[in-house]
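Inspection log for the structure reproduced underneath, given as C-alpha cells.
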Amino acid sequence: MKEFSTASIRNIVLASHSNSGKTMLLENILNFTGATTRIGKIEDGTTTSDWDEEEQKRQISLFSSLIPIVYKDLKFNFIDTPGYSDFVGEVVSAMRVADAALILVDSVAGAEVGTEVALQYAEKFEIPRFLILNKMDRDNASFAKALKSVEEITDARLIPMQLPIGEKADFKGVVDLLTMKAYLGDGKTASEIPAEMQDEVEEARMILVEAAAEGEDALLEKYFENGDLTTEEMIQGLHKAIQVSNIIPVMAAAGGRMMAIAPIMEALVALAPSPLERPAVKANTPKGEIELHYDDKGPLAAYVWKTTADPFVGRQTFFKVYSGVMSSDTRVWNATKGEEERLAGVQVPSGKDMNAVSVLHAGDLGAVAKLSVTTTGDTLTTKEQNITLPMPEYPTPLYRVAITPRTQADASKMSQTLSRLAEEDLTLKWEMEAATRQTLLFGMGDQHIDVAVKRAEQKFQLFLDLHEPKVPYEEHITKESSATYRHKKQTGGSGQFGEVALKVFPLEDEDFSFSNDVFGGAISSNYMASIEKGIRNVMKEGVVAGFPVHNVGVSVYDGKEHPVDSKPVAFEIAGREAFKLAVKDANPVLYEPIMRVSVTVPEPNMGDVMGDLNTRRGRVEGMDTDRGRSTINAMVPLAEMMRYTTTLRSMTGGRGQFTMEFGHYEMVPHMQAQEIIAQRQREMQSED
Ligand SMILES: Nc1nc2c(ncn2[C@@H]2O[C@H](COP(=O)(O)OP(=O)(O)OP(=O)(O)O)[C@@H](O)[C@H]2O)c(=O)[nH]1
Ligand SMILES: [Mg+2]
C-alpha cells in the first residue's frame, strides 16, 4: 500500500444496532472501489470483516475489524464494530480512535437500542456523526418512519442530505441534495432528478442549506442575503457544522445490495474530517500536560486501541499515530509499561490480512506484530518524550460465571490464558474469589462469556467448564457461648491427649481475636499456637454451612494436659472441635454481601424495575428522573443479582443499564438462611 499523508486519512467507525448491515456495507464498498472481485456474504461466512470462525458461525460481528479503503486518493480507515450489546467494549475502543462515525439504521426496524448506544458513544467521544437509513430495499422499509424514530431518541438535528428514489422493492437509488442529481443503483453515474420528486427535493434542499449556513458566520450572512448557497459553500458549511454543532447528515441506502454506495463515499469525501481538522489531543508527560496535533514532526505518540492474542499468528497490536510517524525497524518506548519495544514491521491490516509498510504518518491506523509487553490502552512513544495518552472508560462487566479447568493440563494454563484474553478485551475480567474458592469470569452478558470460552478453546486449547457462581456468604455468631472438648487416643502405641475449654463471642469490627486466659497452668502456653491453628482452619471451612466464619473472638480459659501423651496435634484437634461446638451453640447466622446497585432505565420501565427490585429483597434508597431516563439507587443482596444483566435487558428491551459495587455484609433473613444451609448439606452429602 502506498503512503498516505495525514491530510488524506479519514478514520471512520461504523456503529449500530446488530443486523443493520455494517459488515455488508463495507463488503460492498470494497467491491465498488475495486479492492475485491467478489462480494462476500454473511450467510456464507465470506465477508472481509467477519473473518473470525466464531463470527462466521454466529453470522454476526464479534470483534472490531479495520478495513482501509482507498477512494479518490483518500485512505478511509473504516472500523466495523459489532452491534450486539455484549460486545460494546469493541465499540468503545474503536470510537476512541475514530474521527467520524457512520451510524446505520435498518429502515424497517427504525431506531433500536444499538442506535441509541452508537449515537451516545459518538457524542461522548465528540466525533461528527453520519446517519444511514439502510436496507431501503426491504419490504416495509420507510425512510420517513425510520427518520422519525431516530429523531425521537436524540437531541441532535437530523438533516437529510439524500432522499430515496422509491422504497422497498421499488428502491432505485437516491437524490443527492448537495449535487442536486439522481444516482441510481450503485450511484456511479448521475442522472436527472425524477420530475415527481422536484417539490420534495427543493424543500429538503432548503433545510440542508440552512444547516450548512450555520457552519460559518460568513456563510450565514451570504445565505441571508441571497437566500441560497452554492454546492461548494454548502460543503464548506456542512463540513464545519457537523463538527461544531449537533447536526447529523442523513443518507439512504441498501448497502448490502450495492445501492447508493457512491453517494455515501462522495458524502464522506466531502464532509468527513481528516485528523488535521480534529481538536488537539491532550496527553501527559512527566513534565506536565501537552497537546498533540497530528503532526509528523511532533513527538512520537501512538495509542494502542486493540490487541489480539493468537498463539499461531502471535500478538497483534493495533495503534493510532497521534503525533510523529511510526517506522518499521525502530525501537519505541512503551510509556505506560515503562519498557522498550522493538517494532519489527509496521503493517496495514485489512480484515485478517496484513500488508507491510515502511512508515505510517500522523493520524493513521496500523498494526505491529509480536510486541512483548504492550497491551490495549498503552502509549508508544520515545523514552525522552515519555508521553501517555488517556484510556477511555469501559463499562464494568457484571455478568459472572464460575469456571473450572476440565483437566490437569487445562489447570496449568488457565491463569495465563485468561490473563491474555482479558488483555485483549477490557470488558472481560477474571479473579479468584477466596471466600468461595471459585475462579470467576466476568463479562457483559452470556454471549460475551460464551465467545470468550470458545476463544480459549480454539486459540489456546484451554477447556473450561462453567458453573453457577456461589455467593460468598459468611458465618457469624450472635451470642457468647462456651464449650469443652477432650481429644483422647490412648489405646496402644504412643497416645494423644488434649482438652480445651473455650469461649466464643461476636466481634464488631475485628475479624478474629484469640487470647490465652488460662490461669494456673492447666494448659502450657506452648500449646496455644496449635489450638489457634486448629481454630483458624475451621474458620476457613465454616461450621454450619461451609462458609468461612468471620467476626469471632476466642478466649481459651481452661483445659487439661497429660505429661506424656499431650502433643501439639492433640491440642490442634481439641481446639478445632471445641470451637465447632461453641459456634454451633452461639446462635450462628449467615451474612451476605449487599451490593450498591444503580439502575438507569427509560421512565416508562421504572415501575416494573422497582417492582422487580422489591422481589429481589432490594431496598430502594433513591430515584431520579432526567430527560426521560429514571435512575434507581438500591441496596440489593448479591445472591439476587446473579443474572440481572439478562433480566434487565428483557424488562427494558435492552435499554436499561446498571452498575453494581460491593456495599457491605448483612445478616441473611432466617428463611433464606435455612434454604442455603439445607442446600449446602445436600451438596456436602453428594460430595462424600
Ligand atoms: N435487504 C437487505 N438486507 C441487507 C442489507 N445489508 C445487509 N443485509 C442483510 O442483513 C443481515 C445483517 O447484515 P450485517 O452486515 O451482518 O449487519 P451488521 O450491522 O454488521 O450486524 P452485526 O455485525 O451483528 O452488528 C445479513 O443477513 C445481510 O445479508 C441491505 O442493504 N438490504
Ligand atoms: Mg457486522
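Just so it is clear, none of the values below were taken in a lab; they were calculated from the coordinates. From a predicted model like this one, the values you see are computed outputs, not experimental measurements. Don't worry about glycine lacking a Cβ; one is built from the backbone with ideal geometry, like all the others, and counts go over all protein chains shown.
Which residues does a label at THR179 reach in the range 255-291, if reach means a backbone N under 20 Å from a point 7 Å past the Cα toward the Cβ?
Correct set: 255-273.
Please enumerate, by chain and number, the aspartates and glutamates with C-alpha under 14 Å from the C-alpha of LYS75, excluding those fewer than 8 residues away in the same chain.
GLU3, ASP99, GLU266, ASP364
Kindly rank 462-470, 576-584, 94-102 from highest to lowest mean number of other beta carbons found within 10 Å of each residue.
94-102, 576-584, 462-470
Rounded, prolate or oblate: which fits the range 183-304 when a ≥ b ≥ c are the square roots of the eigenvalues of the alpha-carbon gyration tensor, with rounded for a/c under 1.5 and prolate only if a/b beats b/c?
oblate
Which value, to two decimals, describes the C-alpha radius of gyration of the range 545-688 once divided by 2.2 N^0.38 Å?
1.56
Mind putting a number on the dipole of the range 591-672 about its Cα centre? Charges go on the C-beta only, +1 for Lys and Arg and -1 for Asp and Glu, and I need it in Debye to the nearest 20.
In debye, rounded to 20, the range 591-672 gives about 220.
Cross-link partners among lysines for LYS567, C-alpha distance below 18 Å, same-chain residues fewer than 8 apart left out?
LYS488, LYS489, LYS533
Put +1 on the Cβ of every Lys and Arg and -1 on every Asp and Glu Cβ in the chain; which of THR439, LEU26, GLY553 then has its Cα farthest towards the positive end of the dipole?
The residue sitting farthest along the positive end of the dipole is GLY553.
Within 12 Å, Cβ to Cβ, of SER630, how many net charges do the neighbouring residues add up to if Lys/Arg are +1 and Asp/Glu are -1?
With Lys, Arg at +1 and Asp, Glu at -1, the net is -1.
Can you find, among SER327, MET414, ILE67, the residue farthest towards the positive end of the dipole of the chain? Put +1 on the C-beta of Lys and Arg, -1 on that of Asp and Glu.
The listed residue farthest towards the positive side: MET414.
Length gain on complete extension for the stretch LYS188 to PHE312, per 0.36 nm per residue less the alpha carbon to alpha carbon distance?
Answer, rounded to one decimal: 40.5 nm.
Starting from 0.36 nm per residue, how many nanometres of slack lie between GLU202 and LYS287 once their C-alpha separation is accounted for?
Extra length available between GLU202 and LYS287 comes to 25.0 nm.
How much FRET efficiency would the formula 1/(1 + (r/R0)^6) give for PHE662 and GLU123, where r is the Cβ-Cβ distance and R0 is 22 Å, rounded to 0.05?
0.10
Under the 0.36 nm per residue contour assumption, what length would be gained going from the current alpha-carbon distance of GLU508 and ASP624 to full extension?
So the chain would gain 38.3 nm between GLU508 and ASP624.
Among MET206, MET258, LEU219, whose Cα projects farthest towards the positive end of the dipole of the range 167-262, with charges put on the beta-carbon of Lys, Arg (+1) and Asp, Glu (-1)?
Farthest towards the positive pole: MET258.
Two decimals, Cα atoms only, Kirkwood Rh: what is Rg/Rh over the chain?
Taking Rg over the Kirkwood Rh, I get 1.10.
On a C-alpha basis, how far is the centre of the range 532-581 from the centre of the range 603-673 in Å? Whole number, if you could?
Here the two parts' Cα centres lie 41 Å apart.
Where nothing but the Cβ of Lys and Arg (+1) and of Asp and Glu (-1) is charged, how large is the charge dipole of the chain around its Cα centre, in debye to the nearest 20?
The calculated dipole for the chain is roughly 2180 debye.
Output the relative contact order of the range 462-602, whole-number percent, from Cα pairs under 8 angstrom with separation of 6+ residues.
After rounding, I find 39 percent.
Can you put TYR121, TYR665, TYR303 in order of Cβ neighbours within 10 angstrom, beginning with the fewest?
So the ranking, lowest neighbour count to highest, is TYR665, TYR121, TYR303.
Roughly speaking, what is the centre-to-centre gap between the range 312-344 and the range 1-46 when only Cα atoms are used, to the nearest Å?
One Cα centre to the other: 26 Å.
From Cα coordinates alone, what are the radius of gyration and Dmax values for the range 591-672 in angstrom?
Over the range 591-672's Cα set, Rg and Dmax evaluate to 12.5, 41 Å.
Pairs LYS306/LYS459; LYS72/LYS168; LYS560/LYS580: which are spaced more than 29 Å apart, C-alpha to C-alpha?
Exceeds cut-off: LYS72/LYS168.
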